[in-house]
Amino acid sequence: MLQIYNSLTKKKEVFKSVEEGKVSIYTCGPTVYSSSHVGNFSAFLMADLLVRYLKYKGFEVKWIMNITDVGHLTDDNELSDSGEDKMEAASKKENKTVWEIARHYEDLFMKDLKTLKILPAFKYPRATEHIEEMIDMIKLLDEKGVIYETSDGVYFDISKFKDYGKLSGNSLEALQAGARVEVNEDKKSPFDFALWKKLTGKNEDHIMKWDSPWGTGFPGWHLECSAMSKKYLGETLDFHTGGEDNKFPHHESEIAQSETANGKKFVNYWMHKSHIVLNDEKMSKSLGNFFTVQDVMNKGFSADSIRFTFITAHYRSKLNFNEDQLNESQKTIDKFNDFIQTVLKVNTSDCEDETASIIKSAKQQFEKGMDDDLNMSVALASLFGFMKSIRKNIESGNVSKESKTAVLDFMKELNSIFEVFDFDEKKEKEFSKDEQDVINKLIEKRNKFRAEKNWAEADKIREELIRMGVNIADKK
RNA sequence: GGCGACGUAGCCAAGCGGUAAGGCAGAAGUCUGCAAAACUUCUAUGCACCAGUUCAAAUCUGGUCGUCGCCUCCA
């Protein structure tokens, strides 16, 4: 029985899908005005882990991740000078059109998704290709009487939505009291958010623009997720995931729009990824303290170690991202793969062994952990115990052919979640007869040095052999 | 100022009222150097601090201190 911490109710809840056996998941994807960094991908890996575990449990999963390719202002306020369009700023900086910028960073994003072995979503809808759906939603909201028009745009009147603030734990009053935003005189409340922006004031020359019943302009940034999730997944979603920074105002506003427009509950389970931190400070584009996947790989770390680090750290605790974490992940991956190699090479015998019950209990423990809000620490602990038990069986020489297959099948099943295991048996390197002669001579020579306790020379030969692809493991 | 999360060994981390899982690092050993793998054993009388509730508290309550996040674009 899968339990998930729902950020809306702030409780762990037993998961029940809207439709028996099927699950719909919507993930807030990237805004493609610059490279996504590993912190961004940690949120997508959280979704990947969820998708993979649900599939492991036998659900049919439909996963949608949007691509935000409309340039959005940093601020809805006309009064603020800090508001700039990120897409257009990038376009000027890189001397490309906004469309080129969007496609360029989208391509990079897709490449990194693949590198990190994140499962392909059902679709990656682009905001710019769903303007009509967004306009339709504004029309629906208009019918419900919750919007109003000003000289610069169309806004959602949040006083018309009782639960506004529920997700982020704010009441409207508290929001007003703690407000740090500047006041736009035309808006009824500073927290009313834009559904449509007109080409006036500093948006006069906005490059991406579309016609609408409210004049030429561009959509508000919360709208795309409401419109696209409805189109591809329906009015009530099982899961909606994203980074914790999206809770307010983005997801809060999505709820207001979708529930008002559709008259139905928008999302059953909200999941938010805690930020990863660097020296106790969150990694973010605006702080500038970020690494891209490529940056980390250029330092010599494998993509798998990045993947493993993020899926094994719990998604609701902030991960302090550093090289130690990556090194440890790599070691753990190697440990699993060494184990798999040992199993692949084991010589089976006709015998009874306890493999079946070892696998059964490991599987139970693993699922017990994962079922508890994806508690990977508990899940992993069961696997370390599992490997130890199986190795003992192997050392005692009691492994049947069936057991060997069962262990490998179990590891493969687990790999549908981890996706970092390697099942290719590492064959001894083949050498020609001449090479074999050379190697034998070197080994003889080294043994002689060892007998003489001439360790320096012996080590030199070992290094030479390793370079040739010969592994030396000294035993008594 | 408002809202929220967290503080368990050198590091990462589980635990959700019954007496501290697991991983990394470290130590000793199986083993005549060193390195690698595996295995065995060891490594927190204590869970930020102070009170309280209880037969029993890392776990519940109140307070204190500290760290971080959100409240403006960010996963």
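Pairs meeting the criteria (first residue in the range A:209-221 and assigned to a loop (DSSP other than H, G, I, E, B), second residue of a type in the set (Ser, Thr, Tyr), beta carbons under 7 Å, at least 6 apart or on different chains) are A:Lys209/A:Thr216. Of the residues making up the range A:2-20, none is under 12 Å from the mean Cα position of the chain (by Cα) and surrounded by 19 or more Cβ atoms within 10 Å (Cβ to Cβ).
Among the residues making up the range A:450-472, a single one is open to solvent by 90 Å² or more (accessible area, probe 1.4 Å) and among the polar types (S, T, N, Q): A:Asn471. Among the criteria (1) within 16 Å of A:Leu237 (Cα to Cα); (2) at pLDDT 95 or above, the one A:Leu49 does not fulfil is (1). Going by the structure shown, is A:Phe421 part of a loop (DSSP other than H, G, I, E, B), of a type in the set (Phe, Trp, Tyr) and at pLDDT below 85? Criteria not met by A:Phe421.
So, in the range A:368-401, how many residues would count as being free of Cβ contacts under 8 Å to residues at least 24 places away in the same chain and in a helix (DSSP H, G or I)?
So in the range A:368-401, the residues free of Cβ contacts under 8 Å to residues at least 24 places away in the same chain come out as A:368-369, A:378-379, A:381-382, A:384-385, A:388, A:392, A:395-396.
Add one more test, that the residue is in a helix (DSSP H, G or I), and what stays is A:368-369, A:378-379, A:381-382, A:384-385, A:388, A:392, A:395.
Going through the range A:368-401 one residue at a time, the tally reaches 11.
Put simply, of A:Ile311, A:Ile340, A:Ile255, A:Ile359 the only residue that is touching a helix residue (DSSP H, G or I) at 6+ places or on another chain (Cβ under 9 Å), of a type in the set (Val, Ile, Thr) and closer than 30 Å to A:Lys160 by Cβ is A:Ile255. Taking every residue in the range A:227-252 that is of a type in the set (A, V, I, L, M) and pairing it with any residue that is in a helix (DSSP H, G or I) and more than 6 Å from RNA strand B (Cβ to nearest atom), at least 6 positions away or on another chain, the pairs with Cβ-Cβ distances below 8 Å are A:Ala227/A:Glu133; A:Ala227/A:Met134; A:Ala227/A:Asp136; A:Ala227/A:Met137; A:Met228/A:Ala127; A:Met228/A:Glu133; A:Leu237/A:Ser229. Is it the case that A:Gly145 is farther than 30 Å from A:Thr292 by Cβ and within 12 Å of RNA strand B (Cβ to nearest atom)? Answer is no for this residue.
The single condition among (1) more than 10 Å from RNA strand B (Cβ to nearest atom); (2) without any contact (Cβ under 8 Å) to a residue 40 or more places away in the chain that A:Val293 does not satisfy is (2). Give me the residue from the range A:160-189 that is open to solvent by 50 Å² or more (accessible area, probe 1.4 Å) and away from RNA strand B (no atom under 16 Å from the Cβ) and, out of that set, modelled with the highest pLDDT. The residue in question is A:Lys160.
A:Thr309 meets all of the listed conditions (1) of a type in the set (S, T, N, Q); (2) away from RNA strand B (no atom under 13 Å from the Cβ); (3) open to solvent by less than 10 Å² (accessible area, probe 1.4 Å) but one, namely (2).
Select from the range A:422-443 the residues that are under 30 Å from A:Asp409 (Cα atoms) and open to solvent by less than 80 Å² (accessible area, probe 1.4 Å) and list them in ascending order.
Going through the range A:422-443, the residues under 30 Å from A:Asp409 (Cα atoms) turn out to be A:422-430.
Residues satisfying the conditions are A:Asp422, A:Phe423, A:Glu425.
If the condition is being more than 10 Å from RNA strand B (Cβ to nearest atom), farther than 25 Å from A:Lys426 by Cα and either part of a loop (DSSP other than H, G, I, E, B) or in contact (Cβ under 8 Å) with a residue 24 or more places away in the chain (or both), then the range A:443-474 contributes only A:Glu452.
The residue that is most open to solvent (accessible area, probe 1.4 Å), counting only those in the range A:312-338 that are among the β-branched types (Val, Ile, Thr) and more than 7 Å from RNA strand B (Cβ to nearest atom), is A:Thr312.
The values are calculated or read from the model by the stated rules, or taken from the named source; none is laboratory data. In this text the structure is predicted, and so the values were computed from the model without any measurement. Here the Cβ is made from the backbone with ideal geometry for all residues, glycine too, and neighbour counts use every protein chain on show. These accessible areas exclude ligands, DNA and RNA; they are computed on the full protein's heavy atoms, side chains included. Shrake-Rupley method; radii C 1.70, N 1.55, O 1.52, S 1.80 Å.
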